[in-house]
Amino acid sequence: MQRLREPSTTPGSAAEPPADEKRATAGAQAGERAGSGGPRTRAAARAAGASVAVLATAGGLLLAPAAAAADGDKVTKNTVNQDYSVTIAAQFTKPNGAMLSRALTYDPRLVPVNSRVTVSERADGKRTRVGLRVADLVANRTYGAHVHTGTCGVRPDSSGPHYQHRKDPRTPSVNPAYANPRNEVWLDFTTNERGEGVAESRHAWRFRSGEARSVVIHERRTATGAGVAGTAGRVVACYSVPFNQSKEAAKAVSGILSKIF
C-alpha cells in the first residue's frame, strides 16, 4: 500500500507527520550523525538520504500539477496497514489543450486564475473523510462542490457525473434517494471576506478504486429537491485528485518505488 502526503493536513488542522515518516526521518538523521563512524556507516547514511530525497521527488512528480507544485510532497511505502491518506494543493489555471494542469478554472470570474485549492482524503478501515480548502475566490459567495468520477479536461463536463456509493440506475441522477450527501461526497462551502472557504465530508464507506477522480466546483449551492437533487449549476472549476489509491497513482508510485527498493 502506498501513502501519499504533503505537509498540510485536513482543512483547519495542524500538520502532523505520521509515525512511520517520523521514524524514517529520525533514522536518516541518526545515520548522518554517525557518518564519522567509518566508510560503511557513511555509505549507509548517504543511501538513506538519497532514498528520502527520491521519495520527496516522487510525490512531486505524481501529485503536483504543472501550474503550481506544492513543496514537500512525499510518498511513503507502507505494507503494515490499509490506511490511506493524500493531501495535495494547486493553483487554478485556464484549460490548455497542449498541457492540462490538474486544477482548471472554466470561469475565472468565479474561480480566478492562480486561486488556490487543497484537497485531502483520509481512509481508515471502511471510513472515508474528504476535506476541501480554497483561497482567493470571490468573497462571501456560496459554491457547490462534489467528488466526480472522471478527471478534469478541456471541457467542463469532462469530469463526468458525481461519485455515488450506491449507483442510481437512471442518469442523470436527480433522485434524492441517490443524489444526497450521504451517498455522494458534497463539499459545498461559503467563502469569507478574504475569499477563503473550507468543507469536509465524512462517510462510513470507501471509494471504489479508480472511480473517484476529481473534485468539481459549481456556481451555486447543491439542490436537494426531487427532480433537481444534486444539481448545482454550471461547473466553474475542477481539480483532478488520486482518491483511494487510484490506478494512476498506484502506477506512478510503483514505478518510482521500484527504482528505490
Considering residues of the range 172-197 that are part of a strand (DSSP E or B) and touching a Leu at 6+ places or on another chain (Cβ under 7 Å) only, the residue nearest to ASP157 (Cα to Cα): PHE189
Select from the range 137-152 the residues that are surrounded by fewer than 24 Cβ atoms within 10 Å (Cβ to Cβ) and touching a strand residue (DSSP E or B) at 6+ places or on another chain (Cβ under 9 Å) and write down the one among them that is farthest from ALA212 (Cα to Cα). ASN140
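This table checks each residue for (1) at pLDDT below 95; (2) of a type in the set (Val, Ile, Thr); (3) open to solvent by less than 40 Å² (accessible area, probe 1.4 Å).
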position: TRP205; (1), (2), (3): no, no, yes
position: ILE217; (1), (2), (3): no, yes, yes
position: ARG220; (1), (2), (3): no, no, no
position: ALA223; (1), (2), (3): no, no, yes
position: TYR239; (1), (2), (3): no, no, yes
Looking at ARG234, ARG213 in this structure, which one is under 18 Å from VAL117 (Cβ atoms), of a type in the set (D, E, K, R), touching a helix residue (DSSP H, G or I) at 6+ places or on another chain (Cβ under 9 Å) and buried (at least 22 other Cβ atoms within 10 Å of the Cβ)? ARG213
Which of (1) in contact with an Asp or Glu (Cβ under 9 Å, 6 or more places away or on another chain); (2) modelled with pLDDT under 85 does THR142 not meet, given it meets every other one? (2)
Verdict on TYR239 being touching a residue at least 12 places away in the same chain (Cβ under 8 Å), outside any loop (DSSP other than H, G, I, E, B), under 19 Å from GLY131 (Cβ atoms) and over 18 Å from the mean Cα position of the chain (by Cα): no
Taking the range 173-214 only, how many residues are among the β-branched types (Val, Ile, Thr) and free of Cβ contacts under 8 Å to residues at least 24 places away in the same chain? 0
Does the range 91-109 include one or more residues that are touching a Leu at 6+ places or on another chain (Cβ under 6 Å) and either crowded, with 20+ Cβ neighbours inside 10 Å or of a type in the set (Gly, Ala, Ser) (or both)? no
Condition check for ALA123: modelled with pLDDT under 95 and among the aliphatic types (A, V, I, L, M): yes
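The values are calculated or read from the model by the stated rules, or taken from the named source; none is laboratory data. As the structure is a computational prediction, the values presented were derived from the model and not from experiment. We place every Cβ from the backbone using ideal geometry, glycine too, and count neighbours over all the protein chains shown. Keep in mind that these areas ignore ligands, DNA and RNA; they rest on the heavy atoms of the full protein, side chains included. Shrake-Rupley method; radii C 1.70, N 1.55, O 1.52, S 1.80 Å.
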